[in-house]
1. May I ask you to list pairs of residues, at least six apart or on different chains, whose Cβ atoms are under 9 Å apart, with the first in region 170-192 being at positive phi and the second being at pLDDT 95 or above and buried (at least 18 other Cβ atoms within 10 Å of the Cβ)?
2. Return the residue satisfying two criteria in turn: it lies in region 8-57 and is within 18 Å of the chain's Cα centre (by Cα) and part of a strand (DSSP E or B), and of such residues it is surrounded by the fewest Cβ atoms within 10 Å (Cβ to Cβ).
3. Which one of these does residue 93 not meet: (1) in contact (Cβ under 8 Å) with a residue 24 or more places away in the chain; (2) surrounded by fewer than 19 Cβ atoms within 10 Å (Cβ to Cβ)?
4. Return the only residue of 240, 248 being farther than 30 Å from residue 114 by Cβ, out of contact with any helix residue (DSSP H, G or I) (no Cβ under 9 Å at 6 or more places or on another chain), surrounded by fewer than 18 Cβ atoms within 10 Å (Cβ to Cβ) and in the same structural domain as residue 336 (by TED's automatic domain parsing).
5. For region 64-77, does any single residue satisfy the condition of being surrounded by fewer than 20 Cβ atoms within 10 Å (Cβ to Cβ) and assigned to a strand (DSSP E or B)?
6. Being surrounded by fewer than 21 Cβ atoms within 10 Å (Cβ to Cβ), part of a helix (DSSP H, G or I) and touching a helix residue (DSSP H, G or I) at 6+ places or on another chain (Cβ under 7 Å) is the filter here, so list the residues in region 279-301 that pass it.
7. Based on this model, can you work out whether residue 274 counts as in contact (Cβ under 8 Å) with a residue 12 or more places away in the chain, closer than 18 Å to residue 263 by Cα, touching a strand residue (DSSP E or B) at 6+ places or on another chain (Cβ under 6 Å) and in a helix (DSSP H, G or I)?
8. Given the conditions (1) modelled with pLDDT under 90; (2) more than 21 Å from residue 278 (Cβ to Cβ), report the number of the one that residue 323 does not fulfil.
């Protein structure tokens with residue numbers, strides 16, 4: 001029986017696959033208790049085991065098995081009943097796993113994530129993703145017309161993988177009118193969701209009560225009000241205003257530190273480095289705010305900053321358009337309730353203080 005540790009952040013639908021499989025197989029899989037996304041998975045020790053730095057990641061109790069793809073982890077911790085007792089069933093499991101990754105996952109993320117604030121909203125892209133997912137679900141609905149589960153008369157890994165891939169879509173975008181045209185898919189989804197071993201992992205799964213509504217004006221007003229206050233008011237007003245309006249359920253605060261301070265030469269060149277990154281990340285301006293500071297002087301300086309954006313994952317990885325320059329920084333997600341975070345925000349938003357080595361503040365740049 002497999003035993004090991006699963007590295008993941010809470011409510012990661014990819015991690016659900018392995019955790020549900022472990023419930024069925026009896027595998028002793030424990031979630032790493034102190035995992036911090038953007039920090040733990042970027043640490044030297046983690047990257048030595050999992051060079052891609054991705055989660056979920058699995059380490060066996062004896063340290064001999066290291067896996068970092070969710071389907072592979074789920075397969076490893078599953079038992080024979082879930083994997084399939086014969087070659088045909090096992091091939092069927094991988095058929096549905098591959099189908100979920102290619103036909104369901106991209107469309108579901110592109111439809112759901114903009115409404116969660118994880119990706120920028122683009123009406124054309126969202127509508128295309130919606131149609132792509134609904135087309136795939138029609139295929140699934142036809143398959144389930146005469147079947148309780150995808151492959152056999154009991155749950156297999158195929159059901160677990162497809163269910164986990166669809167959970168956010170059912171929660172956020174598949175409203176009652178859509179579900180009414182996918183009666184077989186809905187029946188199957190609820191059957192899986194209500195299995196005790198599944199609900200032990202995911203809990204109760206509330207279904208979308210209405211079609212999702214994206215209100216860019218409201219979101220922009222909320223974001224821009226904080227930026228205007230910061231730009232127009234003294235820090236004695238703007239920083240308390242930031243904390244008054246900060247929404248910890250939907251926004252997160254991150255600390256980013258440039259990895260290569262030894263390469264920084266003239267101050268003006270270092271400032272150009274910051275400005276260049278801001279320019280290349282122009283698409284993020286509506287969804288993010290940052291105060292990035294240069295500490296020290298010529299040939300002896302560091303760059304670091306405090307960033308705020310909507311969502312709780314590292315924002316840069318959510319879109320190909322924003323995967324720019326961020327890998328040159330070490331990122332740490334901050335706890336907005338901690339006094340240390342409040343002091344850090346005070347320092348960076350007011351452009352005061354010194355870096356970790358005592359280099360004094362030189363100048364700052366604002367991303368807004």
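1. So the pair list comes out empty.
2. Only one residue fits best here, namely 31.
3. Of everything listed in (1) in contact (Cβ under 8 Å) with a residue 24 or more places away in the chain; (2) surrounded by fewer than 19 Cβ atoms within 10 Å (Cβ to Cβ), residue 93 misses just condition (2).
4. Details: 248 fails: farther than 30 Å from residue 114 by Cβ.
When all the criteria are applied, what remains is 240.
5. yes
6. The one that is surrounded by fewer than 21 Cβ atoms within 10 Å (Cβ to Cβ), part of a helix (DSSP H, G or I) and touching a helix residue (DSSP H, G or I) at 6+ places or on another chain (Cβ under 7 Å): 283.
7. On the way: in contact (Cβ under 8 Å) with a residue 12 or more places away in the chain: yes; closer than 18 Å to residue 263 by Cα: yes; touching a strand residue (DSSP E or B) at 6+ places or on another chain (Cβ under 6 Å): yes; in a helix (DSSP H, G or I): yes.
Judged against the criteria, residue 274 is a match.
8. Single failed check for residue 323: (2).
The values are calculated or read from the model by the stated rules, or taken from the named source; none is laboratory data. Computed from a prediction, not measured in an experiment: that's the story for all the values here. Note that each Cβ is placed from the backbone with ideal geometry, even for glycine, and that neighbours are counted across all protein chains shown.
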